[in-house]
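J.: Starting off with a structure, shown below.
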Amino acid sequence: MELMAQVTSRQESFTETKIVGVLTRPLVLKGTLSYVRPDRVEKHVLAPYDEHVVVHGDQLTLANREGTKRVNVRSHPLIWSFVEAIRASLAGDLTTLGRFYYIDLQGTRDSWILILRPLDRQAAEYLSSVRLSGHGNRLVSVEIQETGGDRSVMLIQGHVS
């Protein structure tokens, strides 16, 4: 996490596979994931549809073909915990992660796995765990396991030029 804390910004491409019980086959999303220290994270889905999710400070903005919605993440504890799982991990901020999750950090500086389990009862009713893995200062995957069986796996492939 010390190495993650030294990164000032990054933009990488991703492929995310969502396995959802109500769908007959996995949903595969492709796009970019960006982080700018200290508190901006942007997920831009490019396929199979266009969607932008930007978190800057406490403000989350979701923009897609249906319009734009803005939410103060601190007003929604479950959303806030999801945001911090990604943002605080990219920032290498274990203190913030510790406010929301039981933390299990395994491996070495070169190859690590961070397993987060929600502290909040409401979040724990929905979310089983978030498992992040990386190499050095690079996040390479994010796996979200929901209590109802749905899950998603985001593989982060590398820098966007």
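The values are calculated or read from the model by the stated rules, or taken from the named source; none is laboratory data. Everything numeric in this text was worked out from a predicted model, so none of it was measured. Glycine gets a Cβ as well: all are built from the backbone with ideal geometry, and neighbour counts include every protein chain shown. Just the protein is used for accessible areas: all its heavy atoms, side chains included, with ligands, DNA and RNA removed. Shrake-Rupley method; radii C 1.70, N 1.55, O 1.52, S 1.80 Å.
J.: Being open to solvent by 30 Å² or more (accessible area, probe 1.4 Å), basic (Lys, Arg) and modelled with pLDDT of 95 or more: is that true of Arg109 here?
T.: no
J.: Further, regarding this structure: Out of the residues in segment 3-52 that are in contact with a Lys or Arg (Cβ under 6 Å, 6 or more places away or on another chain) and crowded, with 17+ Cβ neighbours inside 10 Å, which is farthest from Leu94 (Cα to Cα)?
T.: Residue satisfying both the conditions and the ranking: Leu33.
J.: Cβ-Cβ below 7 Å, separation at least six or inter-chain, first residue in segment 118-131 and of a type in the set (D, E, K, R), second surrounded by fewer than 19 Cβ atoms within 10 Å (Cβ to Cβ): which pairs?
T.: If the second residue must be surrounded by fewer than 19 Cβ atoms within 10 Å (Cβ to Cβ), the pairs left are Asp120/Pro77; Glu125/Thr147; Arg131/Ile113; Arg131/Ile115; Arg131/Glu143.
J.: Something else: Take segment 114-161 and flag every residue that is in contact with a helix residue (DSSP H, G or I) (Cβ under 7 Å, 6 or more places away or on another chain), in a helix (DSSP H, G or I) and either open to solvent by less than 30 Å² (accessible area, probe 1.4 Å) or farther than 21 Å from Thr17 by Cα (or both).
T.: Gln122, Ala123, listed by residue number.
J.: Inside segment 57-79, can you point out the residues that are open to solvent by less than 50 Å² (accessible area, probe 1.4 Å) and farther than 21 Å from Val7 by Cβ?
T.: Residues satisfying the conditions are Leu60, Thr61, Leu62, Ala63, Asn64, Gly67, Val71, Val73, Leu78.
J.: Taking the residues in segment 80-96 that are more than 11 Å from the chain's Cα centre (by Cα) and β-branched (Val, Ile, Thr) as candidates, determine which candidate is surrounded by the fewest Cβ atoms within 10 Å (Cβ to Cβ).
T.: Thr95
J.: If you scan segment 22-76, which residues turn out to be in a helix (DSSP H, G or I) and charged (D, E, K, R)?
T.: Arg74
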